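Undergrad: Have a look at this one.
The values are calculated or read from the model by the stated rules, or taken from the named source; none is laboratory data. Keep in mind the model is a prediction, meaning the values are calculated, not measured. Note that we place each Cβ from the backbone using ideal geometry, even for glycine, and neighbour counts take in every protein chain shown.
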Amino acid sequence: NAGVTQTPKFRVLKTGQSMTLLCAQDMNHEYMYWYRQDPGMGLRLIHYSVGEGTTAKGEVPDGYNVSRLKKQNFLLGLESAAPSQTSVYFCASSPGQSPQETQYFGPGTRLLVL
Amino acid sequence: QQQVKQSPQSLIVQKGGISIINCAYENTAFDYFPWYQQFPGKGPALLIAIRPDVSEKKEGRFTISFNKSAKQFSLHIMDSQPGDSATYFCAASYHQLIWGAGTKLIIKP
């Protein structure tokens, strides 16, 4: 099992450009999450999904969109990148509905917006 | 009320010493308190977790101490080793997981 994988690993964007980050999991997990990690601020939830075809906003959703067309994939889109979106983005998945379920993280995508 | 405050921001401990990281919360509805460990270039991974009906949980060299009345919990790493050098996150959950800001731990050989 590969677990949770993320592509790309690293990307540089210019302000205003768009991009999509891909997260894939092979553990048949229902829940998937997108976080951003910034120094001194821990992990902040951007969006999450409780199942195929459903998404919900997290703590910091502005400037991002998501889609979960297939159970194993969760896409994070930046429509018009801003320097404030420079961060490390982590995807995670968990088996069930309880917030007490262990979250399994991918290796992260480092994004630099110039 | 949703915040989880973690301290210190960074910590340097000599090999063989005890590393202690503290977290405090306000929301008494929180009912699950995990600690995640993150190595450089990797995603966080669950290390150990506790529920508020117990005051302590131990797994190997890692122990969570939980003080419900003070609304505080802490991670103790006994006999700290250079391989324990990582960033540690506490978290608390009720409907969703709320994360602390993280502690960068360095174990000096």
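Undergrad: For the list (1) farther than 16 Å from A:PHE105 by Cβ; (2) crowded, with 18+ Cβ neighbours inside 10 Å, I need the number of the one condition that B:PRO109 fails.
TA: All conditions are met except number (2).
Undergrad: Restricted to segment B:2-29, and to residues that are facing chain A (nearest Cβ under 10 Å) and in a loop (DSSP other than H, G, I, E, B), which residue is surrounded by the most Cβ atoms within 10 Å (Cβ to Cβ)?
TA: B:GLN2
Undergrad: Could you pull out the residue among A:VAL60, A:VAL50 that is assigned to a strand (DSSP E or B), in contact (Cβ under 8 Å) with a residue 24 or more places away in the chain, surrounded by fewer than 19 Cβ atoms within 10 Å (Cβ to Cβ) and within 14 Å of chain B (Cβ to nearest Cβ)? Before the answer, list the steps.
TA: Details: A:VAL60 fails: assigned to a strand (DSSP E or B).
Exactly one residue qualifies, and that residue is A:VAL50.
Undergrad: Go through the residues of segment A:74-89 one by one and say whether even a single one is in contact (Cβ under 8 Å) with a residue 12 or more places away in the chain, within 11 Å of another protein chain (Cβ to nearest Cβ) and more than 30 Å from B:SER10 (Cα to Cα).
TA: no
Undergrad: Could I ask something else about it? With the condition kept exactly as written, say whether any residue in segment A:11-31 is without any contact (Cβ under 8 Å) to a residue 40 or more places away in the chain and more than 11 Å from chain B (Cβ to nearest Cβ).
TA: No, segment A:11-31 contains no residue that is without any contact (Cβ under 8 Å) to a residue 40 or more places away in the chain and more than 11 Å from chain B (Cβ to nearest Cβ).
Undergrad: Let me ask you something else. For segment A:77-87, state whether one or more residues are surrounded by fewer than 16 Cβ atoms within 10 Å (Cβ to Cβ), under 27 Å from A:GLY16 (Cβ atoms) and under 11 Å from the mean Cα position of the chain (by Cα).
TA: Applying the first criterion (surrounded by fewer than 16 Cβ atoms within 10 Å (Cβ to Cβ)) to segment A:77-87 yields A:77, A:79-80, A:82-84.
Cutting the leftovers down to under 27 Å from A:GLY16 (Cβ atoms) gives us A:77, A:79-80, A:82-84.
In the following step, the residues that additionally are under 11 Å from the mean Cα position of the chain (by Cα) were identified as A:77.
Yes, segment A:77-87 has at least one match.
Undergrad: So which of B:LYS71, B:LYS42, B:LYS57 is in contact (Cβ under 8 Å) with a residue 24 or more places away in the chain and surrounded by 13 or more Cβ atoms within 10 Å (Cβ to Cβ)?
TA: Values: B:LYS42 fails: in contact (Cβ under 8 Å) with a residue 24 or more places away in the chain; B:LYS57 fails: in contact (Cβ under 8 Å) with a residue 24 or more places away in the chain.
B:LYS71 is the lone residue from the list that is in contact (Cβ under 8 Å) with a residue 24 or more places away in the chain and surrounded by 13 or more Cβ atoms within 10 Å (Cβ to Cβ).
Undergrad: If B:PRO34 satisfies all but one of (1) within 12 Å of chain A (Cβ to nearest Cβ); (2) modelled with pLDDT under 95, what's the number of the condition it fails?
TA: Result: B:PRO34 passes all but (2).
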